[in-house]
1. List, in order, the whole-Hz ³J(HN,Hα) value for each residue of region 179-189 obtained from phi through the Karplus relation with A = 6.51, B = -1.76, C = 1.60 and θ = phi - 60°; use x for Gly and Pro.
2. Please report the net charge: other residues with Cβ closer than 12 Å to the Cβ of residue 62, K and R +1, D and E -1.
3. Tell me the Kirkwood radius of region 103-223: reciprocal of the mean inverse pair distance over distinct alpha-carbon atoms, in Å.
4. For residue 149, what residues show an amide H to amide H distance below 5 Å, using hydrogens built from the backbone and excluding near sequence neighbours?
5. For region 69-80, take each phi angle, set θ = phi - 60°, evaluate the Karplus expression 6.51 cos²θ - 1.76 cosθ + 1.60, and give the result in whole Hz per residue in order, putting x for glycine and proline.
6. What order, most packed first, do the peptides 100-113, 130-143 have when packing is the mean number of other Cβ atoms within 10 Å of each residue?
7. Residue 67's amide H: which non-local residues (gap 5+, or another chain) put their own amide H closer than 5 Å, with H modeled 1.01 Å from N in plane and none for Pro or chain starts?
8. Can you work out ³J(HN,Hα) from phi for every residue in region 52-64, in order, using Karplus 6.51 cos²θ - 1.76 cosθ + 1.60 and θ = phi - 60°, giving whole Hz and x for Gly and Pro?
Amino acid sequence: MQSAAHTPASVPAVAAGRAALVIGGTGRIGRAVVAAVAAGGHDVAVHCHAALPAARELAAALGGRSLAVTADLREEGAVRALVHRVIDHFGRLDAVVVCGRRHVPTPLDDVTAADLRAHFDVNVAGGFVVAQEAGAVMVAQDTGGVIVFVGGAEAGPARPGDVPFLASNAALPGLAHGLQVEFAARSPRVRVSCVEPGDADPAAIAAAVIGLVVPGIGFPSPTASKPTVREDRV
């Protein structure tokens with residue numbers, strides 16, 4: 001396990017020419033991750049579910065070859081097509097960060113199995129499809145790639161009404177571990193990790209992510225709270 005933290009402005013642009021996809025890039029955490037990954041030198045595909053104007057604005061502000069993309073994470077075919085659209089645009093895919101998540105607070109007495117499935121469909125299955133499709137491409141690349149999930153049992157302060165959200169997020173470290181085992185058997189250059197946010201702010205979370213996307217660049221965190229980084233070594 002390791003931790004890394006720094007602000008986007010302090011990230012050296014050592015990944016020039018590389019490409020990244022940030023799922024949920026218009027959210028509070030996603031925006032911070034997009035900024036950090038772009039500051040590290042990546043061209044970025046900013047994914048959103050419904051906020052396409054915001055994604056386009058964010059991609060335009062980044063400049064270069066960055067672009068906005070959209071897909072419903074519940075739609076497997078659309079998600080696979082999204083990954084390949086990004087690869088077709090950049091000609092490669094070096095990093096994927098999955099920040100997109102469903103969070104619909106529901107009183108315990110009103111929670112149904114359908115509510116749980118809806119959260120797992122987005123937070124777990126959607127991220128799995130992204131990683132499966134992107135990982136297959138990374139395995140074939142000489143440079144490999146890195147996939148980072150943002151979420152876990154420490155997904156933030158627990159509140160009443162959050163059972164579906166917390167249950168689905170708690171599955172992400174296990175998903176990341178399973179994928180790391182699978183991809184390690186195919187290529188040692190493909191890495192899969194999970195960042196558990198806890199009560200860390202978006203800047204600290206983004207700093208932990210960029211420390212995984214661009215290994216070896218880390219700075220002391222300016223915040224009191226740090227996320228937990230789970231990086232498997234198979």
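1. 5, 4, 4, 5, 6, 4, 6, 9, 7, x, 8
2. Numbers: positive: 31, 56, 65; negative: 43, 57.
Neighbourhood net charge equals +1.
3. Numbers: mean 1/r = 0.0643 Å⁻¹.
After inverting the pairwise mean of 1/r, the radius is 15.5 Å.
4. 98, 193, 194, 195
5. Per residue, the Karplus-derived 3J(HN,Hα) values read 9, 9, 6, 7, 5, 7, 9, 4, x, 5, 5, 5 Hz.
6. Values: 100-113: 13.9, 130-143: 18.0.
Highest-to-lowest ranking by the protection proxy: 130-143, 100-113.
7. Excluding prolines and chain starts, which carry no amide H, the hits are 44, 45, 46.
8. Result, rounded to whole Hz: 4, x, 5, 5, 5, 4, 5, 5, 5, 5, 6, x, x.
No lab work stands behind these numbers, since they all come straight from the coordinates. Quick caveat, the model's predicted, so the values are computed rather than measured. So basically every Cβ, Gly included, is an ideal-geometry build from the backbone, and we count neighbours across all protein chains shown.
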